[in-house]
Amino acid sequence: MRPVTKKWLFLKISSLILIPLMLWFIINFVSFYDKNYQEIVKFLTSQPSKFFTSLFLVFAYFFSALSINEVFEDYIDDEKIKNAAIKTLNIIAIFIPLITIIIIFNLTYE
Amino acid sequence: MENKNPLSPHLQVYKWHVSSLVSIVTRITGIINILAITLICIWFSSLLLGESNYKIINIFLQSYIGKFIALGITWSFSFQILSEIRHLIMDLGYGFEIKTTNITGVIVIIFSFIFTILIYLLGRQFIL
């Protein structure tokens, strides 16, 4: 399989998985964004929320990295800048969700 | 020799259509969404600082600016969801005719606002 086809396939599969996760997250986000500390921690430490939030973060960053990659390909002319931008994007797409998931799993509701 | 050709998607050359508008807004909302998700990650991480330090963030999120940002993120997510569904349908080989792309484009734009209201009402438990 060509790398471009593989990238397209990954983009479509992640998009298909991300749609219900986005819907789930945004409905919950609207319900808790202005709540107090305890209520947000209670939400994030419950088992299904912990699992779905982690899944949402992984797929959101994976999908975004792939689609922003395309934007870089289309708009950045200089090869060196383009490669540096793509590498930076990939590092961010791995570390931000990873650190956040670790933090979520370390939160405790008292 | 310096390349003076305009970069894709040649925004300054093409005439604007509903489908090109939806395509550009999809890219913009994609970038807004990932910035919003990054802010949400920082917000979740700030919970580790404890309850007393969280009060400032809580006051901000309860303000009109906080509510406006939450509503904006909801619209951006709604637009992205609908646009991705449209893309997936097109990937299956449907809706490539100019008339159909214009109709589905308009549906995405209008329904993104309706969807935002529905999600907000659902999230705030005004419905169901």
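A few comments on the model shown:
- Shielding score for A:81-92, defined as the mean number of other chain Cβ atoms within 10 Å: 0
- The aspartates and glutamates within cross-link reach of A:Lys82, meaning a Cα-to-Cα straight distance under 19 Å and a gap of 8 or more places when in the same chain, are A:Glu70, A:Glu73, A:Asp74, B:Glu2.
- Taking the charge dipole of the protein assembly as shown about its Cα centre, with +1 at Lys and Arg Cβ atoms and -1 at Asp and Glu Cβ atoms, the residue from B:Asn33, B:Ser45, B:Leu92 reaching farthest to the positive side is B:Leu92.
- Peptides A:50-60, B:95-105, ordered by how many other C-beta atoms sit within 10 Å of their residues on average, highest first, read A:50-60, B:95-105.
- Difference of contour (0.36 nm per residue) and Cα-Cα distance, B:Leu48 to B:Phe113: 19.9 nm
- Hz values of 3J(HN,Hα) by residue in the stretch B:75-90 - Karplus curve (6.51, -1.76, 1.60), Gly and Pro given as x: 5, 4, 5, 4, 4, 4, 4, 5, 5, 5, 4, 4, 4, 5, 5, 5
- Shielding value for B:41-52 is 5, the average number of Cβ atoms from other chains within 10 Å of each residue's Cβ.
- Charged-residue dipole, Cβ positions (Lys, Arg, Asp, Glu), chain A about Cα centre, Debye nearest 20: 380
- At R0 = 25 Å, FRET efficiency that the Cβ-Cβ distance of B:Asp91 and B:Leu21 yields, to 0.05: 0.80
- Lysines with Cα under 29 Å of A:Lys87, excluding same-chain neighbours fewer than 8 positions away: A:Lys6, A:Lys7, A:Lys12, A:Lys50, B:Lys4
- Theoretical FRET efficiency, 1/(1+(r/R0)^6), r = Cβ-Cβ of B:Ile127 and A:Asp74, R0 45 Å, to 0.05: 0.65
- The dipole here belongs to the protein assembly as shown: it is taken about the Cα centre, uses +1 on the Cβ of Lys and Arg and -1 on the Cβ of Asp and Glu, and is about 200 debye.
- Efficiency of FRET from Cβ geometry, A:Leu107 and B:Ile59, R₀ 22 Å, rounded to 0.05: 0.55
- Dipole size of the stretch B:32-103 about its Cα centre, with +1 on Lys/Arg Cβ and -1 on Asp/Glu Cβ: approximately 220 debye, rounded to the nearest 20.
All of the numbers you see were taken from the coordinates with simple rules; none came from a lab. Because the structure is a prediction, the values reported are computed rather than measured. Methodologically, a virtual Cβ is constructed for each residue, glycine included, from the backbone with ideal geometry; neighbour enumeration extends over all protein chains shown.
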